[in-house]
Amino acid sequence: MNVTTPIPSRLLKMTAVTARWLLGLLIAAWLVFALSVVVLHAWIVPRIADYRGALEQQAGKAIGAPVRIGSITAESKGLFPTFELRDVVLQDAQQRDALRLARVVASVSPRSLWHLSFEQLYIDRPEAEVRLDAAGRLHVAGLDLSKDGGEDTRSADWFFSQREFVVERGTVRWTDEKRGAPPLLLNDVRFVSRNSARRHLMRLDATPPAGWGERFTVQGDFRQPLLSVRSGNWQTWDGQLYAELPRIDVTRLGQYVTLDARIREGNGALRAWVDVDDGRPVGGAADLGLARVNAVLGEALEPLVLSQVTGRLAVHSSDDLFAFSTRDLQFTTGSGMRWPGGNLWFQRVPAKGRTPESGAFRADRLDLGALALIANRLPLGDEAHQVIAARAPRGLVENIDVAWQGPLETPRTYQAKGRVTQLSLASSVDASTPAARIAQARPPVGVPGVRGLNADFEMTQAGGTASLGIVDGALDLPGVFEGPVLPLTQFSGNLRWKRDGERITLSVPDVRFSNADA
């Protein structure tokens, strides 16, 4: 009986050869790993002090700034040793001490050895200098972190490639040469940074100087692009920055943060989220709990004084979208007028290619009197201020919902519906029109005014309807009657209108009114 031995296929032979190569590589890797551990414990740890000068040079090249190390020791407690450095100093380009570290503990791991970095850097009681120079460049501990991706980013690359970075009981001195503000000292600083291949998590807790407020927190969660080869090129990151200030004096903060306002007074609590896209802020939100705000927002404008400001503000501004909203916003004006906690949402999408501009606006519980008072203190332009002053709006917008396509000033299509109560608008006459220059025997016809109007309305560019009601109010019809103000004890009616090009057809059925004369 003959037994035929099967011949291995070519695929099986290739698989066997590949398996032997992979096994050989795995054994070689373990040998290299074991050799690295032996070299660390048997050669480097006992002689670590002899390498101080070489370490200073290598650290200076990696970070991009001169480094001095007072002393260095190593201890073997497990598979990998830990290194302790004392009296470490980093200098800036002007040979000034920008960072002093009393004690640094560094630990390594197989991963960190492979990347020639540390698994964790623990720094105790550092003294750091953070400086914004006259050109607007940010220097942290002597390292220029404002350089773009085309320049030398060694210092930032080194920092953001460390697995974990921990700072305890630190002191940070902030110097703003661009604004010329006095130096700011932060005490009891705790900072933690955790970095992976693409994600960077950071948290800072610090205590401000006396009179500034309470201890605050700043956190960041960022991601770098998938194909980015430089960890320190933060100008390409996306993510979010969060700050929590339980109590802050905003007046002092205005010396160090660019605010287009002269803040005379401002204190309270603040939480803020800032969205970042490609290293630039594109929007965010803020929860307010301010006891008082007093600010001048432009030249020749009256101060904006608000008290007991609570609620949330949110904004997004990019090339593709602008959006602004408020939620449960409440405050009291300087004259004692109370904003009722209305909500507002506005969105505007610019035109792009053949797609026209579009937008939407929704709001409820808007006090027009308080809104007009605030608007006159905002930098809206002289024309807007003149219209607001002339019309003197009062009343409550209980709800309104508007959407449009085309430019906001001249939309092609729009839809709007809403309800207003106790609306008051002053009449106005345009003195520049020909009618206004007619002889005084015939007063010019102007824009009507109203007092005490309640209205439900719904309209489009083609027409609309409105249900009107007035109790103990008035109509102001300049140029219609000899006495322009028509008092009304009661008025009710419906309006319907249609528009066909420049022609408008108006009908007013079911009108009922009464006053002292009729």
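The values are calculated or read from the model by the stated rules, or taken from the named source; none is laboratory data. Since the model is a prediction, treat every value here as computed from it, not as a measurement. When we count neighbours, we look across all protein chains shown, and the Cβ atoms used for this are built from the backbone with ideal geometry, even at glycine. When the accessible area is computed, the model is the full protein with side chains, heavy atoms only, and any ligands, DNA or RNA have been set aside. Shrake-Rupley method; radii C 1.70, N 1.55, O 1.52, S 1.80 Å.
Give the residues of the range 223-260 that are under 20 Å from Pro209 (Cα atoms), modelled with pLDDT under 80 and either among the small types (Gly, Ala, Ser) or open to solvent by less than 40 Å² (accessible area, probe 1.4 Å) (or both), sorted by residue number.
Across the range 223-260, the qualifying residues are Val250, Gly254, Tyr256.
Quick check on my filter: what residues within the range 187-206 are open to solvent by 30 Å² or more (accessible area, probe 1.4 Å) and either among the basic types (Lys, Arg) or within 23 Å of Asp97 (Cα to Cα) (or both)?
Correct list: Asn187, Asp188, Arg190, Phe191, Arg194, Arg198, Arg199, Arg203, Leu204.
State which residue is farthest from Leu101 (Cα to Cα) when the search covers only the range 126-154 and only residues that are in a loop (DSSP other than H, G, I, E, B), at pLDDT below 80 and more than 23 Å from the chain's Cα centre (by Cα).
Gly150
Asn294 fails exactly one of the following numbered conditions: (1) of a type in the set (S, T, N, Q); (2) farther than 19 Å from Asn343 by Cα; (3) open to solvent by 60 Å² or more (accessible area, probe 1.4 Å). What is the number of that condition?
It fails just one condition, (3).
Based on this model, can you work out whether Ala436 counts as modelled with pLDDT of 85 or more and open to solvent by less than 50 Å² (accessible area, probe 1.4 Å)?
no
Can you find, within the range 1-27, the residue that is modelled with the highest pLDDT among those that are open to solvent by less than 100 Å² (accessible area, probe 1.4 Å) and not in a helix (DSSP H, G or I)?
Checking each candidate, the answer is Ser9.
With the requirement that a residue be at pLDDT 90 or above, over 22 Å from Phe331 (Cβ atoms) and hydrophobic (A, V, I, L, M, F, W, C), what does the range 374-403 give you?
Val402, Ala403, listed by residue number.
List the strands (runs of 3 or more DSSP E) that sit entirely inside the range 260-357 and contain at least 1 residues that are over 22 Å from Ala243 (Cα atoms) and not charged (D, E, K, R).
Qualifying strands (runs of 3 or more DSSP E): 280-296, 304-317, 322-333, 343-349.
State whether one or more residues within the range 388-397 are under 28 Å from the mean Cα position of the chain (by Cα) and hydrophobic (A, V, I, L, M, F, W, C).
No, every residue in the range 388-397 fails to be under 28 Å from the mean Cα position of the chain (by Cα) and hydrophobic (A, V, I, L, M, F, W, C).
So Gly53 passes all but one of these: (1) surrounded by fewer than 12 Cβ atoms within 10 Å (Cβ to Cβ); (2) assigned to a helix (DSSP H, G or I); (3) at pLDDT below 75. Which condition number does it fail?
Checking Gly53 against (1) surrounded by fewer than 12 Cβ atoms within 10 Å (Cβ to Cβ); (2) assigned to a helix (DSSP H, G or I); (3) at pLDDT below 75, the one that fails is (3).
Can you find a residue that is within 45 Å of the chain's Cα centre (by Cα), of a type in the set (D, E, K, R), at pLDDT 80 or above and part of a strand (DSSP E or B) anywhere in the range 482-496?
Yes - at least one qualifying residue is present in the range 482-496.
Inside the range 362-409, can you point out the residues that are out of contact with any Ser or Thr (no Cβ under 8 Å at 6 or more places or on another chain), under 21 Å from Gly469 (Cβ atoms), free of Cβ contacts under 8 Å to residues at least 40 places away in the same chain and not in a strand (DSSP E or B)?
Gly369
Taking the condition modelled with pLDDT under 80, within 39 Å of the chain's Cα centre (by Cα) and of a type in the set (S, T, N, Q), does Ser109 pass?
Criteria met by Ser109.
Could you list, in sequence order, the residues of the range 278-305 that are of a type in the set (A, V, I, L, M) and in contact with a Phe, Trp or Tyr (Cβ under 6 Å, 6 or more places away or on another chain)?
Ala285
Tell me, which residue of the range 261-317 that is touching a Leu at 6+ places or on another chain (Cβ under 7 Å) and among the β-branched types (Val, Ile, Thr) is modelled with the lowest pLDDT?
The qualifying residue modelled with the lowest pLDDT is Val293.
Rundown of residues vs (1) part of a strand (DSSP E or B); (2) closer than 17 Å to Ser231 by Cα; (3) at pLDDT below 85, yes/no style:
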position	(1), (2), (3)
Phe80	no, no, yes
Val88	yes, no, no
Ala98	yes, no, yes
Val104	yes, no, no
Phe118	no, yes, yes
Asp124	yes, no, no
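Considering only the range 497-518, state which residues are closer than 18 Å to Ala455 by Cβ and either of a type outside the set (S, T, N, Q) or not in a strand (DSSP E or B) (or both).
Those that are closer than 18 Å to Ala455 by Cβ and either of a type outside the set (S, T, N, Q) or not in a strand (DSSP E or B) (or both): Trp497, Leu506, Val508, Pro509, Asp510, Val511, Arg512, Phe513.
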